[in-house]
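Since the structure comes first, as structure tokens, the remarks are kept for the end.
Bear in mind these aren't lab numbers, they're just calculated from the coordinates by the rules spelled out. As the structure is a prediction and not an experimental result, all values here were calculated from the model. Note: ideal-geometry Cβ built from the backbone for every residue, glycine included; neighbour counts use all protein chains shown.
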Amino acid sequence: MLLLDITGFIGRFHPLMVHLPIGFILAAVLIEWRMKDSKYKRAISYLWLLSGITAAVASLCGWFLANDGSYANWTLFAHRWLGILIAVVSIYSWYLRKGDKPSVLGKKVTNIAAVVMLIVTGHLGGNMTHGSDYLLEYAPSPVQKLMGYGSKGDMLPQYNNPDSVLAYRDIIFPTLERKCMGCHNDKVQNGGLNLATIEATKLGGDGGPVVVAGDISSELLRRVTLPTSSSKFMPTSGTHMTYHEIKLLEWWISEGANYDLSVSDIPVDESEKATLMSLYGLDVTPRPWINKKTVSVPDSSVFASISETGIKINLLAQNNGWVEISLPKGEQVSAPQLESLSAAADQVTWVNLPNCNLDDSHMALLSSLKNITKLKIQGNDITSEGIKALKGLPQLEVLNLTNTKVDDSIFGIISDFPQLKSLFIWQSAVTEEELEKALNNYHRIEIIGGI
């Protein structure tokens, strides 16, 4: 344990030591290039010797730092051995210039080799410390394109349909892959944690589960939100999680940390909606059910047979078969008219029948139209008992019962409509007291009503 503490302490000197050989090498190259006088020969030789010694010390510190910082990847391998090679080239350059007549070609080769290795090694070190996109992240667009680097928007996938986007697979896991899996993968499992698979993530690390459904104090979220000065802050290397990435991780965990649900199946508040739209082009505003499902367009004979009864039938869109049915203003509905709708039972989704003498006896006929999403039957002699017959409408989203005879018992019925979003009950038999209770109890339904 003491040995680990000592090597960890020595490793922390790497950022300090690494700048010394850089200065010595650049000074030696510039002096040799610009000042041809032989009186600088000894100074140049000493500069190469100093660069070799300090490069060796920096490499040793870096080796210990890598053991402490968990930089287990190809970048570390290249950075480590190029640093050692710089020390070797520097010592050779010193030895080469000790003679009275050092090779001109040898001096040029060592100068160029040392400078090139400095640039590459420094770049690799920056990648490990700040992330692989650090250098080009804010570069001008022409430079980004020249180097094959896309903008932030281009780097993240852009989605159109939230129903087909899985929250974990498409949003959360790619973030963990970019920011965490350098140290927590199938090969490297610091702290016993592997985030490469769902099964491994569920198991957690040496300290137990790192993701607990519904708990925003879960260890994974806690580690990425610690102060960067903390020894437990994650990630220890590379680019840290952005504010938006952390908020999406928090959203996913707080809403149950489900690995299989789509984005549209998880509640999203306004700030998360904006983030998903900004980063992924993903509009998660709830869409009507009919926009998610496609049905065939009714045959022309169906339109004709229904229209002959006096009911108006219209397509809602050209690329889908959903239809709206209604009556001309002032006309009264009849049972045969409603029975004729069975020919388009799969396509009828909007029903607009206000003030047409509709009553409870007609409700059973309407309940056979299983895909109704909007039912506007205001101004009719309909009671709460009649509405019970509509329980077979699983997709009903809007129900207008304004100026009907429904009473307080309606609030015990609407829970049978799982998709109901809006209920209009103005000028009904509902009391103010029960309406107030309903407004407090039914948060998923917008209830618009009054006496």
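Below is a table of values for the structure above.
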| quantity | calculated |
| --- | --- |
| Karplus (6.51, -1.76, 1.60) ³J(HN,Hα), θ = phi - 60°, over segment 175-192, in Hz, Gly and Pro reported as x | 5, 4, 5, 6, 9, 10, 7, x, 10, 9, 9, 5, 9, 10, 10, 4, x, x |
| Residue-by-residue Karplus 3J(HN,Hα) for segment 294-306, coefficients 6.51, -1.76, 1.60, Hz, glycine and proline x | 10, 10, 6, 6, x, 5, 4, 5, 5, 4, 5, 5, 6 |
| Nearby aspartates and glutamates by direct alpha-carbon distance to Lys41 (threshold 14 angstrom, same-chain neighbours under 8 apart not counted) | Glu32, Asp100 |
| Built amide H within the under 5 Å cut-off of Leu282, gap 5+ | Tyr159, Met277 |
| Out-of-range pairs (alpha-carbon distance over 29 Å; input Lys273/Lys388; Lys391/Lys437; Lys202/Lys421) | Lys273/Lys388; Lys202/Lys421 |
| For segment 292-450, the spread of Cα positions along each principal axis, largest first, Å | 50, 33, 22 |
| Space enclosed by the convex hull of the alpha-carbon atoms of segment 242-381, per residue, Å³ | 157 |
| Greater than 23 Å apart at Cα, pairs in Lys187/Lys232; Lys329/Lys374; Lys247/Lys293 | Lys247/Lys293 |
| Candidate lysines for bridging to Lys36, where Cα separation is under 26 Å - those fewer than 8 sequence places away on the same chain excluded | Lys98, Lys101, Lys107, Lys108 |
| P(r) histogram, all alpha-carbon pairs of the chain included - 10 Å bins from 0, percent | 4, 15, 17, 15, 13, 11, 9, 6, 6, 4, 2, 0 |
| Amide H partners (placed H, <5 Å) of Glu446, local residues excluded | Ser422, Leu423 |
| Relative compactness, segment 2-130, computed as alpha-carbon Rg over 2.2 N^0.38 Å | 1.13 |
| Highest average packing first - 319-326, 45-52, Cβ atoms within 10 Å | 45-52, 319-326 |
